[in-house]
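Peer 1: Quick one: the structure is below, questions incoming.
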Protein chains: 2
Amino acid sequence: MTDDGPRPVKTTKTSLAIVRAVRDGHGATLSDVAGRLDLAKSTVHNHLHTLVDEGFLVRDGDTYHVGLQFLPFSEHARNRNPLYSTARKRVYSLAEKTGNEADFIVEENGRAYTLEYAIGESTARGFSGSSPFRAGNRFYMHNCASGKAMLASLSDERVRAILDRWGLPATTDHTITDESALFDELETIRQRGYATNEEELIDGYRSVGAAVTGPDDDVVGAFSVGGPAYRMAVDESSTREIAQVLLDEIDSLESELPN
Amino acid sequence: MTDDGPRPVKTTKTSLAIVRAVRDGHGATLSDVAGRLDLAKSTVHNHLHTLVDEGFLVRDGDTYHVGLQFLPFSEHARNRNPLYSTARKRVYSLAEKTGNEADFIVEENGRAYTLEYAIGESTARGFSGSSPFRAGNRFYMHNCASGKAMLASLSDERVRAILDRWGLPATTDHTITDESALFDELETIRQRGYATNEEELIDGYRSVGAAVTGPDDDVVGAFSVGGPAYRMAVDESSTREIAQVLLDEIDSLESELPN
DNA sequence: GGAATCGTTCACATATTCCGAACGTTTATA
DNA sequence: TATAAACGTTCGGAATATGTGAACGATTCC
């Protein structure tokens, strides 16, 4: 049997799975990890010690936690995006103007990453203890407003590649799980210039999103404004109102970009 | 020959070294990495593809970059610190009050990590394109003001453990490289309540730092305020002035902490 | 006081990583 | 235009580093 293409490095995948298990469990012991991943304790033992040695995990008694060594890498990645510092301020501005939650998201490898997040009234910019929207979170493209806005600005070819890679997993009853339905939706988004999310990601959460395009009409990211359904009125005029605030902010941002 | 203790997982170390090489080179090609780490191209090839698949690297043509997949982990780690959201605001406040650079640092595994950073006049909170002090950076404890402030609040035993692990590498001519000299310095810091950094980290950079202690007198982090030597006057009275701003801010913060 | 659980150590077997040579393309050079 | 060098990629083979499971001491829980 001949190999096709590059052979995945299993040991690395194991180490990463261990870190993921520690994160998802909000801390975990050796036995927790071994049990969850079905690995021998001795195996996990070696991995854990290696990861601690490298700083990617920290040991506190017998529980392990995600280490701060991820920071130098994540900040490097974040700052590599030329829009990041500008977009940050826009997120704060959007949150204040609308009194809702606002975030800036970019696409990488077919997934959406929140680079910055803010709540309107809150003084804790960029931070929210347990919000699913805090900075650093990763989403699918098809079930959030900014994700759909970005998809709408990509070529059908790239959209299809993304769908092939990640599928259309449902997170609520309203998630679009049908490919042709999604393409219809993307067409609508293109026509009206912004995307909406009607509880497709989380029950009770609505949002409006719009993409930022660079000088060559390439998508560089997307902003969205959202909040609980009871606060974000469903009627078309208030949605359009929010969308207008978004689009104005983006226009202002795009005019600042080098071209 | 019998093993002593846990055996490091070499494959994982290799993967991490590759990611580090990519970051340090601000992007790198397969050959770059293979050359720098002295590994076979085919080996690097497999690692790169695995890391891309996991999202920790991104491929752009033939150059690889650090991926945003580090973000969900770093933010998790950062938010795990109960002081983070409060400390953020204090950093902004300190930067504004002093008109200098301010940051909040915590210790992990004997190293100091910048959790938040701000420049006084700048509107770009927490961000600085190329500053060595931006959020996410990692320092040694012995050659920065906040690091020394934290060391001064730790037991001699722990200090010695940290020194054993990381040594006293010099980054300028003024870096303290002698162990007993450092312990003398720590004693001074304890007596006056704050630490200084007289171009011990970077030539031309001076700073003042003080530690934050929790209810049980355990160190939870440290703030520092600093700037170029031409702006941060060397005389004792202006240093004390800045130290007072720092200590007041910390007092105010500590009074907010649960006890 | 006993049993169960924890993390740790170790010898062993084999699966996995690593290497190096060869390939097809592209880029640079003569 | 022809030739050479460099790139990423593929693949067979060899060695080694990983994964396993059993045994250990310590701690915790019945």
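The values are calculated or read from the model by the stated rules, or taken from the named source; none is laboratory data. Keep in mind that what you see is a predicted model, and the values were worked out from it rather than measured. A quick note on method: Cβ atoms are made from the backbone with ideal geometry, for glycine too, and the neighbour counts reach across all protein chains shown. Heads up: the accessible areas ignore ligands, DNA and RNA and are worked out on the full protein's heavy atoms, side chains in. Shrake-Rupley method; radii C 1.70, N 1.55, O 1.52, S 1.80 Å.
Peer 1: Rank these by accessible area, largest first, 1.4 Å probe: B:TYR92, B:TYR230.
Peer 2: On the way: B:TYR92 20, B:TYR230 190 Å².
Listed by decreasing accessible area, they come as B:TYR230, B:TYR92.
Peer 1: Over the heavy atoms of B:GLU185, what accessible area does a 1.4 Å probe trace out, to the nearest 10 Å²?
Peer 2: Spelled out: B:GLU185, probe radius 1.4 Å, area about 40 Å².
Peer 1: Run through the other copies and list how far each one's label point is from that of A:GLU236, in nm with one decimal, shortest first; the point sits 7 Å from Cα along Cα-Cβ.
Peer 2: The answer, with the shortest distance listed first, is 7.6 nm.
Peer 1: Can I ask one more? Taking R0 as 35 Å, what FRET efficiency do you get between B:ASP251 and A:ARG138 from their Cβ-Cβ distance, rounded to the nearest 0.05?
Peer 2: Numbers: r = 39 Å, r/R0 = 1.12.
Calculated transfer efficiency: 0.35.
Peer 1: If region A:143-190 were replaced by its equivalent ellipsoid, with semi-axes equal to the square roots of 5 times the Cα gyration tensor eigenvalues, what would those be, largest first, whole Å? It would help to have the intermediate numbers written out before the result.
Peer 2: On the way: eigenvalues 48, 33, 18 Å².
Computed over region A:143-190, the values are 15, 13, 10 Å.
Peer 1: Still on this structure, please answer the following. Hey, for A:ALA181 with labels 7 Å out along Cα-Cβ, what do the inter-copy distances come to in nm, ordered shortest first?
Peer 2: Copy-to-copy label distances at A:ALA181, shortest first: 7.1 nm.
Peer 1: Same structure again: For the protein assembly as shown, rounded, prolate or oblate, judged on the Cα gyration tensor with a ≥ b ≥ c (square roots of eigenvalues), a/c < 1.5 rounded, else prolate if a/b > b/c?
Peer 2: oblate
Peer 1: Continuing with this model, one more query. Please state the Cα pair-distance histogram of region A:10-68 with 5 angstrom bins from zero: what percent is in each bin?
Peer 2: 4, 23, 38, 28, 7, 1
Peer 1: Answer with one residue from A:SER31, A:LEU48, A:ILE18: the one whose Cα lies farthest towards the positive end of the charge dipole of region A:10-68, charges on Cβ with Lys, Arg +1 and Asp, Glu -1.
Peer 2: The one lying farthest along the dipole's positive direction is A:ILE18.
Peer 1: I would also like to ask the following. Mind listing the label-point distances from B:HIS26 to the same position on all other copies, shortest first, one decimal in nm, points 7 Å along Cα→Cβ?
Peer 2: 4.0
Peer 1: I've got another one for you. Compute the Kirkwood hydrodynamic radius of chain A, taking the inverse of the mean of 1/r over all pairs of distinct Cα atoms, and give it in Å to one decimal.
Peer 2: Values: mean 1/r = 0.0500 Å⁻¹.
Computed over Cα pairs of chain A, the Kirkwood hydrodynamic radius comes out at 20.0 Å.
Peer 1: With a 1.4 Å probe and all protein chains kept in place, how do A:ASP218, A:ASP164 rank by accessible area, largest first? Could the numbers behind the result be given before it?
Peer 2: Numbers: A:ASP218 70, A:ASP164 125 Å².
The ranking, largest first, comes out as A:ASP164, A:ASP218.
Peer 1: How would B:HIS49, B:HIS65 line up by accessible area, probe 1.4 Å, largest first?
Peer 2: Values: B:HIS49 60, B:HIS65 30 Å².
The residues order as B:HIS49, B:HIS65, largest area first.
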